[in-house]
Structures are given as C-alpha cells and as structure tokens.
Amino acid sequence: MEKQLNVALYSMPITWGDKEANKRQLEEAMQKLHPATDLLVIPETFSTGFPSGMDKEEVRIMAERNTGETAEFLKHLSREHSVAIAGSFIADSGGLLYNRAFFIEPSGDETFADKKHLFTMAGEHKVFSRGYDRLSVRYRGWNIAMVVCYDIRFPVWCRNRKNEYDVLIAVANWPVVRVGAWNAILPVRAIENVAYVVGVNCKGTDRAGFEYDGSANVYDFKGKGIATETDENIPFRYAPLDMDRLNRFREKFPAWRDADNFTIDEE
C-alpha cells in the first residue's frame, strides 16, 4: 500500500466547444507536471466545457464513446507521465448522452461512471441521461470515489459508508455566481465522511456568459484546505494525502461507527 498519494489539481481554462484547443491545453500543461505526481484531477467536461444553452443534437456532435479519440488521448497522457487522470467528458452510449466521469490509470485500466444528479436549472436533464452508480476505484492502495459537479450537493449520494473510500473527487464547471456554495460544501463533505475531498473547478467563460474562477482545493478529514497556493508560473496546485494520518484520525475519532444505515431508492 502507498502511504502517500500525491495529487495535482488543474483548474483548466476551457475553450467552450473546441476539443482540439482543450486537448492541446492539457497536453502542454502536463509538460510542467511534477514527476512525483500520482493523480491529476481536471475539470468536468474538460474537452468541451459544460454545454449550457445547447440542444441535444448540438451536444451529440461533441459526444464520444469510451473508445473514442478523447479517451485514447487521455490514456496516452497517463502512460507518458505515469499518472492517473480523473475528470469527465460528454459520452454517447447506445444513442444516449451522458456526462461521464473517468479515472484513467497509467496501466491502461479505466473506470467510468455517469453523473447522477443532472442540473435541471440549466436543462441538463433534457440533454443527458443520468447514471446510477458512483465511480469507485482502488488505486495504489487507496479507495477512491468520484462525483460530478451538482452531485456534490447531495450528501446521501456522497456518503462514505463504513469507510468505503479514503478520497472523494468532485470535478466541476461551477460558475462564479454560485461558487461560494462549492467552496463551502467541499470541506463539509470531508468532515462528515472522514475522508480527503479533492475538488477541481474550471476557468473561463461559457457560451451563456457564465464565468468560472477555477476554485480548487484538497480538504483533509478535518475540513482543512491543504493544497499549495496558486502560482501564476505553475498551472497546478499540489497536495500530498497521508494514509497514516487518515487512519489514526479514524481510530481516534471513529464517528463512522455511529453512522446511520440506509439504502438509496431509485425511481
């Protein structure tokens, strides 16, 4: 088991609707990635931006299968830099569209799951179908769960039952007008779930005129932000996650033992 997991956060500036520009942006940035990095987290819909105000057929043009060019591009970068990459992209499966989370490993292993809570205020439910399973993966001895943007608002969906995960990743296109909620929710999820929480938002302005400020941080199990400060010369923020510290706290303060048992009823 790896006792430390070195995480990099990339609040990627997105060019809405331009896959090639966004892939180039990521590829160039990763040339500056610290070689000790184990996991790189990038924003929701990193290759296209969140499709605000677009109808389903416009979005379909940008969608890809899990075996498409974007997934192959990510696998190439993961192998080249020996780093896992987590984010989301617009996926097409059997004619249905999904906001699909991915976790790509240097070994070539890949894990996918679809966003469950679709952002109805922006009409996301009119374009995408929802998922039913939270992404879960074991990587370098760490149990990792992942949710997408609006999912983080729902504590039951994010609940860490019997310490099933050590790290919760949330990737987002969360606009400045509501970013106070994003920055408040993340440390709460870390505290209530006695786990590390990694949150990465994007930068830029979408086609509907909403701005994104790239708010990103890693919170420890006490809700303390631990990522390095932003630096205009370095595109990443870094945080080392410590398994020993996490386990010692879980033993010292085992609130998880008193958690309520429940199941999620699906409609």
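Hey, can you tell me all the residues within the range 123-149 that are open to solvent by less than 40 Å² (accessible area, probe 1.4 Å) and not in a strand (DSSP E or B)?
If the condition is that a residue be open to solvent by less than 40 Å² (accessible area, probe 1.4 Å) and not in a strand (DSSP E or B), then 123, 124, 127, 128, 129, 131, 141, 149 are the ones that fit.
Only one residue in 37, 15 is β-branched (Val, Ile, Thr) and either buried (at least 18 other Cβ atoms within 10 Å of the Cβ) or in a helix (DSSP H, G or I) (or both), so which one is that?
Exactly one of 37, 15 is β-branched (Val, Ile, Thr) and either buried (at least 18 other Cβ atoms within 10 Å of the Cβ) or in a helix (DSSP H, G or I) (or both), namely 37.
Conditions: (1) open to solvent by 30 Å² or more (accessible area, probe 1.4 Å); (2) part of a helix (DSSP H, G or I); (3) without any contact (Cβ under 8 Å) to a residue 24 or more places away in the chain. Residue 21 meets all but one. Number of the miss?
For residue 21, the failing item is (1).
Residues 91, 86: which one is touching a residue at least 60 places away in the same chain (Cβ under 8 Å) and open to solvent by less than 30 Å² (accessible area, probe 1.4 Å)?
Selected residue: 86, the only one of 91, 86 that is touching a residue at least 60 places away in the same chain (Cβ under 8 Å) and open to solvent by less than 30 Å² (accessible area, probe 1.4 Å).
Of these, 153, 178, which one is free of Cβ contacts under 8 Å to residues at least 12 places away in the same chain and either within 18 Å of residue 16 (Cα to Cα) or open to solvent by 60 Å² or more (accessible area, probe 1.4 Å) (or both)?
Of 153, 178, the one residue that is free of Cβ contacts under 8 Å to residues at least 12 places away in the same chain and either within 18 Å of residue 16 (Cα to Cα) or open to solvent by 60 Å² or more (accessible area, probe 1.4 Å) (or both) is 178.
Looking only at residues in the range 231-246 that are out of contact with any strand residue (DSSP E or B) (no Cβ under 6 Å at 6 or more places or on another chain) and under 19 Å from residue 25 (Cα atoms), which one is most open to solvent (accessible area, probe 1.4 Å)?
Result: 232.
Of the residues that sit in the range 220-230 and are in a loop (DSSP other than H, G, I, E, B) and open to solvent by less than 60 Å² (accessible area, probe 1.4 Å), which one is nearest to residue 164 (Cα to Cα)?
For the range 220-230, the residue satisfying everything is 221.
Condition check: surrounded by 11 or more Cβ atoms within 10 Å (Cβ to Cβ) and under 20 Å from residue 183 (Cα atoms). Does residue 210 satisfy that?
So residue 210 passes the test.
Answer yes or no: is there a residue in the range 201-209 that is of a type in the set (A, V, I, L, M, F, W, C) and either over 17 Å from residue 49 (Cβ atoms) or in a strand (DSSP E or B) (or both).
No, every residue in the range 201-209 fails to be of a type in the set (A, V, I, L, M, F, W, C) and either over 17 Å from residue 49 (Cβ atoms) or in a strand (DSSP E or B) (or both).
Given the criterion closer than 25 Å to residue 204 by Cα, without any contact (Cβ under 8 Å) to a residue 60 or more places away in the chain and not hydroxyl-bearing (Ser, Thr, Tyr), identify the matching residue among 112, 50, 73.
Matching residue, one of 112, 50, 73: 73.
Cβ-Cβ below 7 Å, separation at least six or inter-chain, first residue in the range 245-262 and in a loop (DSSP other than H, G, I, E, B), second open to solvent by 40 Å² or more (accessible area, probe 1.4 Å): which pairs?
Pairs found: 259/161.
Output the residue which, of all residues in the range 94-118 that are among the polar types (S, T, N, Q) and surrounded by 13 or more Cβ atoms within 10 Å (Cβ to Cβ), is nearest to residue 152 (Cα to Cα).
Filtering first and then ranking leaves 99.
The values are calculated or read from the model by the stated rules, or taken from the named source; none is laboratory data. Predicted model, so just to flag it, every value in this text is computed and none were measured. Positions of Cβ are backbone-derived with ideal geometry, glycine not excepted, and every protein chain shown enters the neighbour counts. Ligands, DNA and RNA are stripped out before the accessible areas are found, and what is left, the full protein with its side chains, is counted by its heavy atoms. Shrake-Rupley method; radii C 1.70, N 1.55, O 1.52, S 1.80 Å.
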